[in-house]
Amino acid sequence: MSSLADRLQPAAGGAVWRLGDGGTLETAVVHRPKYDDWSLPKGKLDAGEHPLQAAVREVGEETSLQVVVGRRSVQTRYAHRHGPKRVDYWTMQHVAGDFVVNDEVDELRWLPVPEACRLVTHAHDAAVLEDLARTDVPRTPTVLLVRHASAGEREDFDGPDDARPLDSRGRAQARRLATVLRAFAPDEVLAAPPVRCRQTLTPLAQALGLPLGEAPELGEDGFGADPAAGVATVQRLLQPRATPGVTVVCSQGGAIPSVLMALGVRHPGSAGGVWPPSAKGSVWVLGGRPGALLADYYRDFPADPDAPA
């Protein structure tokens, strides 16, 4: 039996960024008096949290900054006095708020990335900052492509397939999506015609106070009739934006992998390393353009198994 000191300590944080004078990429580095080190804002997961939720919460608690989540960054692992530690990071764009001294952090500095790399105490933090400075893919997405949540089996539903509703698992998935996806600052919510697609995003739209629009060209029937129109819709939504935020689109399994293949997405976790996965309730976080495309796949947003019970 492993001791408490041997147990993995999961944590999450953010590489927070903004554009300074002249468009210089700057990042937020914090000083923790408890450890007398310069680090990136991060912290341990609470019970029931997915690392993405914990990252947003910890950045807010340690910096008082309001941020919008971007692409998934690197994961670091290192020895800690309480046992091995794993930290998942995301890029996060600063959109509002100013630093306030708190119990964990007494100073925050905005620095160009090279200066921040020299200041941070730990080499694993510098690795996160080097990832932040990448230019081959964007730091911010513009589209969240969602597969509708669980809706039972077609043969078990007595009625038109487009009218098949979410089951109890699917309704729980929809509520979870409404909680987690807000971190990406959605400002438009669209769904393919089937009831299960609209029900998947209804909790999110209601939570944001946004209308639930339509994307018939990304339903299986519409996409089958004109695949080029569905791909063109996603390409239009991928265009760079002047302000942070995303469009959330709920589609179906007969359309999503084909759209992703048309964009050049390949996924090493799928059979043959080619066909992109699209599980029910999953999310593809997309940004950029083919050849320089951000494409993060989230199978689900469950509580981290290593988080406190």
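What percentages make up the Cα-Cα pair-distance distribution of the stretch 79-173 when the bins are 10 Å wide from 0?
Histogram of Cα-Cα distances, whole percents per bin: 11, 24, 23, 17, 15, 9, 1.
Restricting the count to DSSP beta bridges whose residues both fall in the stretch 4-132, what percent are antiparallel, rounded to a multiple of 5?
75 percent
Where does the charge balance sit around residue 176 when Lys and Arg score +1, Asp and Glu -1, over other residues with C-beta under 13 Å from its C-beta?
That sum, taken over residues with Cβ under 13 Å, equals +4.
How are the Cα pair distances of the stretch 143-298 distributed, in percent, across 10 Å bins from 0?
Using 10 Å bins, I get a P(r) of 11, 43, 37, 8, 0 for the stretch 143-298.
State to the nearest 20 debye the size of the charge dipole of the stretch 4-132 about its Cα centre, where the only charges are +1 on K and R beta carbons and -1 on D and E beta carbons.
Numbers: 15 positive and 20 negative charges, 102 e Å.
Roughly 480 debye for the stretch 4-132.
Could you work out the pair-distance distribution P(r) of the chain from its alpha-carbon pairs, with 20 angstrom bin width and percents rounded to whole numbers?
Percent of Cα pairs in each bin: 32, 55, 14, 0.
Any idea what the dipole of the chain comes to, in debye rounded to 20, about its Cα centre with Lys/Arg Cβ at +1 and Asp/Glu Cβ at -1?
Using Cβ point charges on Lys, Arg, Asp and Glu, the chain gives about 340 debye.
Are there GluC sites (Glu not before Pro) in the stretch 122-155 that DSSP marks as loop and that have at most 13 other Cβ atoms within 10 Å, and which are they?
153
Only bridges whose two residues both fall in the stretch 143-298 count here: according to DSSP, what percent of them are antiparallel, nearest 5?
If we restrict to bridges inside the stretch 143-298, about 45 percent are antiparallel.
Going Cα to Cα from residue 44, which lysines come in below 25 Å? Please leave out same-chain ones fewer than 8 positions away.
34, 85
Are there cysteines in the chain with no second cysteine's Cβ under 4.7 Å away, and if so, which?
Taking the Cβ cut-off of 4.7 Å, the unpaired cysteines of the chain are 117.
Throughout, read-outs are computed from the coordinates displayed, never taken from laboratory work. Owing to the predicted nature of the structure, the values given are computational and were not obtained by experimental measurement. When we count neighbours, we look across all protein chains shown, and the Cβ atoms used for this are built from the backbone with ideal geometry, even at glycine.
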